[in-house]
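Visitor: Below is one structure. I have some questions about it.
Just so it is clear, none of the values below were taken in a lab; they were calculated from the coordinates. All figures in this text were calculated on a predicted structure; none of them were measured in a lab. Because the Cβ atoms are built from the backbone with ideal geometry, glycine has one as well, and the counts that use them run over all protein chains shown.
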Amino acid sequence: MSKRETFDQLRVDRRQSEIFLQEHIQRLELKEDERRRRRSSSEDSSHGGRRRRHDYDGGGRCNPIPQRQPPPIKISKFKGENDPNLYIEWEQKVDQIFNIHLVSDQEQVDLVVLEFEDYAMTW
């Protein structure tokens with residue numbers, strides 16, 4: 001294969017990867033919208049439409065409820081191999097982690113891009 005053919009193939013591969021990632025982002029946005037709807041409806045029903053930010057002790061004093069910090073999210077690195085099965089397995093694992101932690105779409109993109117290495121960084 002000549003250098004020109006190799007370059008053309010890399011360009012085609014990159015375009016296919018871009019299309020795949022755009023479609024994936026659209027799917028993630030739909031999932032995030034659904035999560036927001038579910039989260040909003042559960043908060044409305046469980047708190048009468050209002051979030052509880054304080055708790056009252058036995059003496060009638062108002063104590064703020066401490067806000068819980070989310071646990072750190074660990075995502076494995078992805079090197080961008082040409083094997084789509086490796087990417088799909090990695091994506092499914094990462095998607096499960098994001099679902100557990102209710103990570104927004106923009107945060108998902110930011111976190112995933114941080115874990116790209118080698119060829120995946122050119123996507």
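Visitor: What ³J(HN,Hα) values, in whole Hz, does the Karplus curve 6.51 cos²θ - 1.76 cosθ + 1.60 give for the stretch 92-103 when θ = phi - 60°, with x put for Gly and Pro?
Guide: The phi angles translate into 5, 5, 5, 4, 4, 4, 5, 5, 5, 8, 6, 7 Hz.
Visitor: Something else: For Trp90, what is the net charge nearby, where nearby means another residue's Cβ is under 12 Å from its Cβ and Lys, Arg count +1, Asp, Glu -1?
Guide: -4
Visitor: Taking 7 Å along the Cα-to-C-beta vector as the label spot, tell me the Arg11-Val113 distance in nanometres, rounded to one decimal.
Guide: 2.5
Visitor: Here is a follow-up. Using amide H atoms built in the peptide plane, which far-off residues or other-chain residues are under 5 Å from Phe78 H to H?
Guide: Long-range HN contacts for Phe78: Phe116, Glu117.
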